[in-house]
1. Per residue of A:108-116, what is the mean number of Cβ atoms on other protein chains within 10 angstrom of that residue's Cβ?
2. Give the Cα extents of segment A:1-86 along the principal axes, in whole Å, largest first.
3. Between segment B:170-223 and segment B:138-163, how far is it from one alpha carbon centroid to the other, in angstrom?
4. Within 10 Å of each Cβ in peptide A:50-57, how many partner chain Cβ atoms are there on average? Round it to a whole number, please.
5. Given the options A:A142, A:V128, A:A157, identify the residue whose Cα lies farthest towards the positive end of the charge dipole of segment A:119-159 (+1 on Cβ of Lys, Arg; -1 on Cβ of Asp, Glu).
6. Other chains' Cβ within 10 Å of B:180-186 residues: what's the mean?
7. Any chance you could check the Cα centroid distance between segment A:140-169 and segment A:7-82 for me, in angstrom?
8. Beta carbons within 10 angstrom, averaged per residue: use that to sort the peptides B:18-24, B:37-43, highest first.
Amino acid sequence: MTTADSDSDLGAALEEFNAEFLKVLPRLYRRAVFLAGAARAEDAVHDAYLKLSARPERLVNHPEPYAYAFAAVVSAIRDSIRRTGRQVLVEQVPDSPEDSTGPIDVREAEWEATRLLGRLTERQAAAVLLVDLDGYTIDQAADILNVHRGTVSRARARALAALRTMMKAED
Amino acid sequence: MGSERGDAGSQGVARDAADSAALSRLLRQADESIVVPEDLWERITEPMPVPEAQSGAVAASAKRSAGEHPVSRLRVGSGFISGGRWLYPALGALVVVTLAIGAFWAGVSWQQHRRVESPVDVGSSITLTVYNSEKACQDLRTIECSLSIAANPRAPYSGANIVGRVWHGEKVVADCVITNGPYLADESGVSSRRWYHVTLPDGTVGWLPGARTRNTQNVALCH
């Protein structure tokens, strides 16, 4: 692109990028909470935004903008953890959460899911979210995360095993 | 024997399917409970410019991490800060520096009259060199390789809002800068919300996106 109006083209590309990012933002944020905890989720999403906005056309032209942005969030979280170490996981579900904003059982689901995913690596947890929450196939999840399908399968097997352990403990 | 093994296998598959469904249910329920902050989008996109006088590691690492990106109010430096040991000292330092700069500029404004985003203060002007990151365009003076000067940095960067054109290597005089203009990235990925209020050699006055220069000098903030 060697046009004088490349500036305006870039501006327009960024507007499109922002519109696209805004569409997937709530979902991205919720996934980031699963993967990094609420305290880090916002920064992870922000990091992904900065990274992706350097090449706005890539997100805009991607057939699956959410998947592309999700991979960027996972990458941002992994980078952060490399720098600062993994956050302390929730060991026990508090008996009476002070900041509960919804039904207790719903909040418990969040804690349980966080505990369960906390037993996996970030990439494995991301694979579980893509398959078991977002409904992608194992092959699609592997493509999005740029890993082998076996990695996704093993991640899910570990997640299911963790779930069974948690269920037994509750019984 | 074979049928027992078959039964065990089918039981295993059934158990996996049931567990998968339970996992999905748990994740969906958890997903619904996560509240997305209402101002998340604003917080992600709203810039907090690095103070001009700030020359320490914070500013340097912020610029390194995001080119000329403005630094979000959530972020200081290139890493996540979420209650870590650097958070409060860093934020405290930032607040102090910001207040000091605010007080300084308030004093300047008091003495110099209020300026309304189009000041011409020759005393604080700097010379900027226009930078076009497209190598093929750097030696050409064609319309296709020109860069636009906007009349209003906050209006769409096209059409009637374009008041002039500049080319790579040209010098323009900048008298002030805004740091919260529309975000613009050049072809090399350098991005900025800074827009310089410039005067071209032919007297045209307008705004040059920060991504279209490689400025290293301080210049007054436009008020």
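1. Working: counts 4, 9, 9, 2, 4, 9, 2, 0, 4.
Rounded to a whole number, the mean comes out at 5.
2. 47, 24, 19
3. 12 Å
4. Working: counts 9, 2, 0, 8, 8, 2, 3, 0.
Across A:50-57, the average partner-chain Cβ count within 10 Å equals 4.
5. Ranked along the dipole, the leading option is A:A157.
6. Details: counts 0, 0, 3, 8, 6, 10, 3.
That works out to 4 on average.
7. With segment A:140-169 and segment A:7-82 each reduced to a Cα centre, they are spaced 24 Å.
8. Working: B:18-24: 15.3, B:37-43: 13.1.
Peptide ranking by packing, descending: B:18-24, B:37-43.
Values quoted throughout were computed directly from the atomic coordinates according to the rules given, and no laboratory measurement underlies them. Note that this is a predicted model, so its numbers are computed, not measured. In this analysis, Cβ positions are derived from the backbone assuming ideal geometry, glycine residues included, and neighbour counts consider all displayed protein chains.
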